[in-house]
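Undergrad: The structure follows.
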Amino acid sequence: MHVEAQAIKASQRKRSTLSNLWKYRALYFISLPGLIYFAIFKYVPLAGNVIAFQNYNIFRGVFKSPWVGWDHFKRMFDYADFHQILANTLLINLYDLLFGFTAPIVLALLLNEVRRTAFKRVIQTTIFMPHFLSWVIISGIFIGILSPSTGIINQVLAWIGMEPIYFMAKEQFTRSIIVVSGIWRDSGWGIIVYLAALAAINPNLYEAAEIDGANRWHQTIYITFPAILPTVTVLFLLNIGNFLDFGFERVYVFLNPLNNQTGQIFDTYIYEAGLRRGQFSYTTAVGLFKSVSGLALLVITNWLSKRATGNSLY
């Protein structure tokens, strides 16, 4: 009887699933192009990670290249500059998470307090415009601003009697330049997301708080920020998922032989060793290490977020 009951329940679940698929067929049909895109360009290429365990030869192909096991991973950890590259990647991502992630939140909260709609739109548009510029243009702007001869910052320093500073040649400034340029370029995009979350807050909550004597600061702390906390949590977890995947072009455009020591990250190292030197198996191992580490960070932070706040990605 117990086996028959389980079979009946399984049959009912199957019919229910098929019924839901048919009921929402329009939604599934609309999502089909996106699913096909991810299948072809995201999941199928994962099979290429197998060359991390081979001495891959482009003429022999994946099936005939010799297997070497974990040799490339051992080589990666034995590489003299590996710890420096890892430290650079972690520090730049940490600075970007501390300042780059919080900047759109602060700016969105400040813009939310602006009562003149026209002024608010002008400020928002101005902040958002750099998002459409490529990193090549962004780097050109910052290199021009920081130029020791014609840059506006060094001209101000000369005006107050200080010696010019060659910012792009000083290793101590490399990470700050990379992070600040990213804040200037991408803060506007984050502001849009947070302003949309702020627009969904019930105005009656603010009116009730005013009646109870709460000022604007108290309303922000006890109403505004808790209301956007789920959005902040989801975006934070998404950023954690890309913690080691900072972006090749964002860093590479600022690198030169004088600041390479503190600016080299995994993405730029993979480009140098993989594409320019043809070490495909080795750099695939580096990329696989980076991806697995990012996945582990995401799973851990998602679990901690679910336990602490109840908000998570899954």
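Undergrad: Exposure proxy check: Asp245, Asp96, Asp78 ranked by fewest other beta carbons within 10 Å? If you can, show how the numbers build up before the last one.
TA: Details: Asp245 17, Asp96 23, Asp78 8.
Sorted ascending by nearby Cβ count, the order is Asp78, Asp245, Asp96.
Undergrad: Same structure again: When the Karplus curve 6.51 cos²θ - 1.76 cosθ + 1.60 is applied with θ = phi - 60°, which whole-Hz ³J(HN,Hα) does each residue of segment 97-108 get, with x for Gly and Pro?
TA: For segment 97-108, the Karplus curve yields 6, 6, 9, x, 6, 7, 4, x, 5, 5, 5, 5 Hz.
Undergrad: Name the most mobile residue of Asn204, Asn154, Asn49, meaning the one with the largest mean-square fluctuation, in a Gaussian network model of the chain with Cα contacts below 10 Å.
TA: Asn204
Undergrad: Under 19 Å between alpha carbons, and skipping anything fewer than 8 positions from Lys290 in its own chain: which aspartates and glutamates qualify?
TA: Asp71, Asp78, Asp81, Asp96, Asp245, Glu249, Asp267, Glu272
Undergrad: Also: Work out Dmax and Rg for the chain from the C-alpha atoms and quote the Rg first, both in angstrom.
TA: When restricted to Cα atoms, the chain yields Rg and Dmax of 25.5, 93 Å.
Undergrad: Give the residue from Tyr56, Ile127, Leu21 lying farthest towards the positive end of the charge dipole for the chain; charges sit on Cβ (+1 for Lys and Arg, -1 for Asp and Glu) and the dipole is referred to the Cα centre.
TA: The one lying farthest along the dipole's positive direction is Leu21.
Undergrad: Next up: Rank Phe246, Ala158, Asn256 by how far each Cα sits towards the positive end of the charge dipole of the chain (+1 on Lys, Arg Cβ; -1 on Asp, Glu Cβ) and give me just the farthest.
TA: Final value for the positive-end residue is Phe246.
Undergrad: Please identify, among Leu97, Leu21, Leu195, the residue showing maximal mean-square fluctuation in a Gaussian network model of the chain using a 10 angstrom Cα cutoff.
TA: So, out of Leu97, Leu21, Leu195, the one fluctuating most is Leu21.
Undergrad: Let me spell out the model: positive unit charges on the Cβ of Lys and Arg, negative unit charges on the Cβ of Asp and Glu, origin at the Cα centre of the chain. What dipole size does that give, in debye rounded to 20? Don't skip to the end; give the middle numbers.
TA: On the way: 25 positive and 16 negative charges, 247 e Å.
Dipole of the chain, to the nearest 20 debye: 1180 debye.
Undergrad: Where Lys and Arg each count +1 and Asp and Glu each count -1, what net charge lies around Ile127 among other residues with Cβ under 12 Å from its Cβ?
TA: Details: positive: Lys120, Arg121, Arg185; negative: Asp186.
Taking every other residue near Ile127 into account, the sum is +2.
Undergrad: Relative contact order (percent) for the chain, with alpha-carbon contacts under 8 angstrom and 6 or more residues of separation? Walk me through the intermediate numbers first.
TA: Values: 278 pairs, mean separation 73.4, N = 314.
Relative contact order of the chain: 23 percent.
Undergrad: Can you give me the relative contact order of segment 168-283 as a percent, contacts being Cα pairs under 8 Å and 6 or more apart?
TA: On the way: 62 pairs, mean separation 46.6, N = 116.
Relative contact order, segment 168-283: 40 percent.
Undergrad: Okay, moving on. With springs only between Cα atoms under 10 Å apart, run a GNM on the chain and tell me which of Thr174, Thr224, Thr283 wobbles the most.
TA: Most flexible of the set in this elastic network: Thr224.
Every number in this text was worked out from the coordinates using simple rules, so none of it is lab data. Please read these numbers as outputs of a predicted model, since none were measured by experiment. Note: ideal-geometry Cβ built from the backbone for every residue, glycine included; neighbour counts use all protein chains shown.
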